[in-house]
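Take a look at this one; I'll ask things after.
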Amino acid sequence: MRRMLTRRQALIVAGGTALGATAGIALAACGEAEVAETPAEPAPATAAPAATPAPAVEVQPQQKAVEIEFVHDHVSGPRGEAMRWGLANFASQFPEINVRFVVQPADFEDSFAIQQAANSQGEVALLSGAFFMSWVEGGAFTQINDALSKNPRYDASAQFFGPDAYSINFWNRIPSSHLEPISGPTFGLPYQGNMIGYFFNVDMMTKAGIEFPTAGQWGIETEYLEALQKGTDPEIGQWGTRGLTGAWPHGLFLPLALSDRDDLMPVYNSDATRFEAYDEGGDRGLQFIIDMARTHKVSYPPGDYREIAGEFGDPFSAGKQMIWNAGGAVGTLANRIKDRFEWSMGPIPEGRTGEPHPNNFDGQPHLITNTAQRRGTVEQAVELINFFVGPGVQGRIAIDRGSLPYNKEAIASAEMAAGPPANHSLWNDQAQRTDHRHLQWAHPNWSEMWPIFRWDKTFLGEETVEEGRIRVTTEADRFLERNHENWESLKRYAEAAS
């Protein structure tokens, strides 16, 4: 079944909205060499008999390099540095493939819909698992299993596997699949990884008399909470941690640590009929998160974020927040913090079972659109995305740190382990865990579900935690029921594509 444009997308197309200039950075591989014939020397002015003329040799023009369009938003900061390095090195190694790098506009999801309708999108784009699932059944992307199997440089075992982001797997169980080889109908490869990490302002901890945490002695409801309370002093504008204003990472992952089920997933059950993140003890985790702000008051009010961040961009970089739990893009933090204070990665707090609370393993892939199939550039597009998940580019990501490497060699490298922050090698330790969750991208309407998981009203005390839990659970269950046939249709599509 072809996925239809949403009403909003259809209105955009009908209104004739034009794409912005595809400005960009055109980084061609190598210039083409021109072949020139050497003019024949004039015959000597003698009576010598003419030599038998050599047969004419037809000079073949040099084959023009194949061009593919690469649509991306990594143009600045640490991510831009890794991208520039990758494009330059790809050009030197694959001069027969010209890459036209096109800056991804802010409204790319809308403009992609327009381009999809007009069959004019680029061959490769950085997108999310949710966006992929919204469009794959409608034919927007090209399946590349055969092309991967024929590429001698492709090594599935060298990279972590992010299910349901660039392949269709319906992975809704523990243990995580990220340590396994890639499987299922595949339409791209991973590029930009993400997990939850905990970062500590060591200077703030020392000043507050808090010992650096030791794994195994860092319970969420005990030592972790006590440290947050000691590190909070509203009178001088210092806070233990940040508050909950959205769903990730606190709202969907930390509650699992206090649940009664070790197999609880962060969003819905295995047949996508019921939202379950706050079931069977998960509600205790939600209560704990809200209590940190409303009862224990160890996090700042959401409205004070900008004021606390000041010129440094975020409260942790400003030296006003002791513990920052966030994803792997620490390059920006390092550029902001410089040497103003000592900071370090540290252990993830332990939940009910005594193990670190459940983490996520997700990221954004490079996806190959149906344009590659139409233009006959699938092989070249696969070469490009395989290069960008290889040890070279991913090793550069380990240095610039605009995201986490998806390549196993890169995340275990000495460059990745080097500070700042101290203990940066913990990323590799966390990557080896088998209990990771992911955001269950295998739902064609996932993007419409995400706005349901908002907790601002609960955080601000406009509703009780139980009222908030009922509100979110009810809305999510209605969403799953309303879109269940679409989910079933996607499963049938995946089975046919396998």
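The values are calculated or read from the model by the stated rules, or taken from the named source; none is laboratory data. All values derive from a computational prediction rather than experimental measurement. All Cβ positions, even for glycine, are placed from backbone atoms using ideal geometry, and neighbour counts span all protein chains on display. Areas reflect the complete protein model, heavy atoms only, side chains present, ligands, DNA and RNA absent. Shrake-Rupley method; radii C 1.70, N 1.55, O 1.52, S 1.80 Å.
So, R0 is 51 Å and r is the distance between the beta-carbons of Ala91 and Arg340; what FRET efficiency does that work out to, to 0.05?
Rounded to the nearest 0.05, the efficiency is 0.85.
So, one more: For region 388-489, what is the accessible area per residue in Å², given a 1.4 Å probe and the full set of protein chains?
Using a 1.4 Å probe on heavy atoms only, each residue of region 388-489 averages 40 Å².
On the first, second and third principal axes, largest extent first, how far apart are the outermost C-alpha atoms of region 280-319 in Å?
Result for region 280-319: principal-axis Cα extents of 43, 16, 15 Å.
Using 0.36 nm times the number of residues separating Leu460 and Asn151, minus their current alpha carbon distance, what extension gain do you get?
105.8 nm
Where the only charges are on Cβ atoms (+1 Lys, Arg; -1 Asp, Glu), what is the dipole of the chain about its Cα centre, to the nearest 20 debye?
Computed charge dipole of the chain: roughly 460 debye.
Here's another thing I want to ask about it. Over the Cα atoms of region 178-278, each weighted equally, I'd like the Debye log10 I(q)/I(0) at q = 0.13, 0.17 Å⁻¹, rounded to two decimals.
-0.71, -1.01
How many nm is it between the label spots at Glu280 and Asn119, if each spot is 7 Å from the Cα in line with the beta carbon?
Once both label points are built, they end up 5.0 nm from each other.
On to the next question. Which longest uninterrupted range of the chain lacks any trypsin sites (Lys or Arg not before Pro) assigned by DSSP to a loop state (not H, G, I, E or B) and surrounded by at most 14 other Cβ atoms within 10 Å?
341-498
Taking a spot 7 Å from the Cα of Glu226 along the direction of its beta carbon, which residues of region 326-350 have an amide N less than 18 Å from it?
From region 326-350, the list is 347-350.
Same structure, new question: Based on a Kirkwood Rh over C-alpha pairs, give the Stokes-Einstein translational diffusion coefficient of the chain at 4 °C and viscosity 1.567 mPa s in µm²/s.
Translational diffusion coefficient: 52 µm²/s.
In nm, give the distance between the simple-model label positions of Ser270 and Asp107, each being 7 Å from the Cα along the Cα-to-Cβ direction.
4.4
For region 211-296, with every protein chain kept in place, what is the accessible area per residue (1.4 Å probe, Å²)?
So region 211-296 comes to 39 Å² accessible per residue, rounded to a whole number.
Ignoring ligands, DNA and RNA, what percent of the accessible area of region 274-423 is carbon or sulfur (1.4 Å)?
46
Work out, in µm²/s and without decimals, the Stokes-Einstein translational diffusion coefficient of region 96-169 at 20 °C, 1.002 mPa s, Rh from Kirkwood over C-alpha pairs.
149
Oh, and also: Which value in nm describes the separation of the simple spin-label points at Arg478 and Glu235, placed 7 Å from the Cα toward the beta carbon?
Each label point is offset 7 Å from its Cα along the Cβ direction, giving 4.8 nm.
I would also like to ask the following. Grab the Cα-Cα distance for Lys207 and Asp73, subtract it from 0.36 nm times how many residues apart they are, and report the gain in nm with one decimal.
Difference between extended and current length: 44.2 nm.
What translational diffusion coefficient, in µm²/s and rounded to a whole number, does the Stokes-Einstein relation yield for region 399-442 at 37 °C and a viscosity of 0.692 mPa s, taking the hydrodynamic radius as the Kirkwood radius over Cα pairs?
Values: Rh = 11.5 Å.
Stokes-Einstein gives a translational diffusion coefficient of 285 µm²/s.
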